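The values are calculated or read from the model by the stated rules, or taken from the named source; none is laboratory data. Bear in mind the structure is a predicted one, so any value in this text is a computation, not a measurement. Counting neighbours? That spans all protein chains shown, and the Cβs are built from the backbone with ideal geometry, glycine included.
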Amino acid sequence: MWTLKGASNALKDASSLFIANFTPCSPHRNPEIEAAVIKATNHNNSRVDYRSAQLLFAWIRVSGHYIRPVLSAISVRMERTRNWTVALKGLMLLHGIFTCKVPAVQKIGRLPFDLSNFKDRTPNLCQHEAFIRAYYTYLNKKSAFMMKHSEDKKGGTLRKGIKEKPKQSSMMQHLEWLENLQGLLDILLEIKPQGDKMMNVLVLEAMNCIMLEVYDIYSRICNGIAAVLVRIYSIGKTEAGMAFAILQKASVQADDLSRYIDYCRDFGVTKASERPKIVHIRKDDIQQLEQIINRSSPQKGEQSIPKEEDKSMTPVEDTDIKKTEPLQLDVT
C-alpha cells in the first residue's frame, strides 16, 4: 500500500539519483557508480535491489581501482542517512564487497564512515538501531582484520589473508590468527534481531548473510584448532598456554553458537535451518594440554613423543563442519 512516508522516501531516492547524474567524473567519484549505490540502498524495506549490487561487485572485480569511488559513494550515503533501511542495505552491500577477490578489498582497513552511534529519525526503533550498530561494529573489525593480515601476507607470514591460516613455521602467528577469529565470532554473535517489529524481509535477508558468515568463521576456527592439536607436543610453554586459552574459549563458543543458531531458526532465518553440528572440545583434551603447560617444555629442536593415550587429543565432532564459501548476497 502506497503511504505518505513511502512517497516521501521514493522522492528522496529520486532526488539523490538526479543529483548523481550531474556528478563530475574523478578518481573518487563516478556518476554511474553513485547511481548504482543509491539504487542498491534505496528506502524500500520490502525488497533488495540485487541487480545494482551485482553491478557494483562486477566493477570491483574488473579493476581494484573502482573500490575508491564505490566506497566514497557508500560513505556519503551512510553519513547522510538516518533511515535504518538505507543503513542496513549499505552494510549488506559492503559485506558483499568484502567477498570480491581483489587485493584492494583486503586493504580497506577501518571503514570510511561511522555508524557506531546510528539513530533513526523515527522514534521507537531502538531494536533496529542496535542491530545496525552491531552489524557495523563487526564489518569494521573484519575490515581491519583483513588489512592486518594482508600486510602480514606481504611479509611472507600469510598465504591468503583472512582465508588461510599462517604458515606452519610460526605456531605463535597461527594462535594469534585463531584468537582474532574467535574475537570476530564473539562480535558476530551479538548481531541478532530482537522483537516482532524486526520481522521483516530485509532483516531476514541480512541475517541469512550473517548466518553464512558465522558458519564460515566457525569452520575456520575448528580447522585451525585441529592444526594446533596435531603439533601441540612440539611447541613451547608460552604457545601451549595460548592454545589452552583458545581451547577453553572454543568450548564456551560452541555453547554460545548453539543457542544463537536456535534463536535465529526460531526467528525465521532460513540459513539457520542449515546448521552444522557443533564441534565440542573434550574436557580430557583441555586437561592434557594443561599438563603440558605445567611440566617443563622441551627445548626447540628436541622432540617430545606423546604417549599412546595422548594421541586421542582431537576435537569431538557430532558431524563434519560444513565448509562454506565466502559470503555472497543471494542473487537468484
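For the stretch 210-259, filtering for residues that are touching a residue at least 40 places away in the same chain (Cβ under 8 Å), farther than 16 Å from Glu176 by Cβ and among the β-branched types (Val, Ile, Thr) leaves 3. Among the residues of the stretch 184-201, the ones that are at pLDDT below 95 and assigned to a helix (DSSP H, G or I) come to 4 in all.
The single residue among Lys167, Lys153 that is outside any loop (DSSP other than H, G, I, E, B), out of contact with any strand residue (DSSP E or B) (no Cβ under 7 Å at 6 or more places or on another chain) and modelled with pLDDT under 80 turns out to be Lys153.
Could you look through the stretch 59-71, keep only residues that are modelled with pLDDT under 90 and touching a helix residue (DSSP H, G or I) at 6+ places or on another chain (Cβ under 6 Å), and pick out the one that is surrounded by the fewest Cβ atoms within 10 Å (Cβ to Cβ)? My answer is Gly64.
Name the residues in the stretch 228-280 that are surrounded by fewer than 17 Cβ atoms within 10 Å (Cβ to Cβ), within 21 Å of the chain's Cα centre (by Cα) and of a type in the set (A, V, I, L, M), would you? Selection gives Val252 alone.
Looking only at the stretch 205-223, decide whether some residue is outside the structural domain of Leu94 (by TED's automatic domain parsing) and not in a helix (DSSP H, G or I). No; the residues of the stretch 205-223 include none that is outside the structural domain of Leu94 (by TED's automatic domain parsing) and not in a helix (DSSP H, G or I).
Scanning the stretch 72-93 for residues that are modelled with pLDDT under 95, in the same structural domain as Ile19 (by TED's automatic domain parsing) and more than 24 Å from Asn44 (Cα to Cα) turns up nothing. For the stretch 6-37, which positions are at pLDDT 90 or above and within 16 Å of Thr81 (Cβ to Cβ)? Passing the criteria: only Val37. Considering the stretch 94-107, the residues that are modelled with pLDDT under 90 and hydrophobic (A, V, I, L, M, F, W, C) include one that is farthest from His149 (Cα to Cα), namely Cys100.
Tell me whether the stretch 84-99 contains one or more residues that are free of Cβ contacts under 8 Å to residues at least 40 places away in the same chain, among the hydrophobic types (A, V, I, L, M, F, W, C) and within 22 Å of Lys12 (Cβ to Cβ).
Taking the stretch 84-99 and keeping what is free of Cβ contacts under 8 Å to residues at least 40 places away in the same chain, we get none.
Taking every residue of the stretch 84-99 in turn, none turns out to be free of Cβ contacts under 8 Å to residues at least 40 places away in the same chain, among the hydrophobic types (A, V, I, L, M, F, W, C) and within 22 Å of Lys12 (Cβ to Cβ).
Within the stretch 245-279, the set of residues being in a loop (DSSP other than H, G, I, E, B) and of a type in the set (A, V, I, L, M, F, W, C) comprises Val269, Ile278. Only a single criterion out of (1) surrounded by fewer than 16 Cβ atoms within 10 Å (Cβ to Cβ); (2) in a helix (DSSP H, G or I); (3) among the polar types (S, T, N, Q); (4) modelled with pLDDT of 90 or more is not satisfied by Ser116, namely (2). Pairs are defined by a Cβ separation below 7 Å, a sequence spacing of at least 6 or placement on different chains, a first member in the stretch 173-189 that is closer than 20 Å to Leu139 by Cβ, and a second member that is modelled with pLDDT of 95 or more and polar (S, T, N, Q); the pairs so defined are Ile187/Thr137. What tally of residues in the stretch 123-143 results from selecting those that are loosely packed, with under 15 Cβ neighbours inside 10 Å and at pLDDT 90 or above? Here the count works out to 1. So which residues in the stretch 23-56 are of a type in the set (A, V, I, L, M, F, W, C) and within 27 Å of the chain's Cα centre (by Cα)? If the condition is that a residue be of a type in the set (A, V, I, L, M, F, W, C) and within 27 Å of the chain's Cα centre (by Cα), then Ile33, Ala35, Ala36, Val37, Ile38, Ala40, Val48, Ala53, Leu55, Leu56 are the ones that fit.
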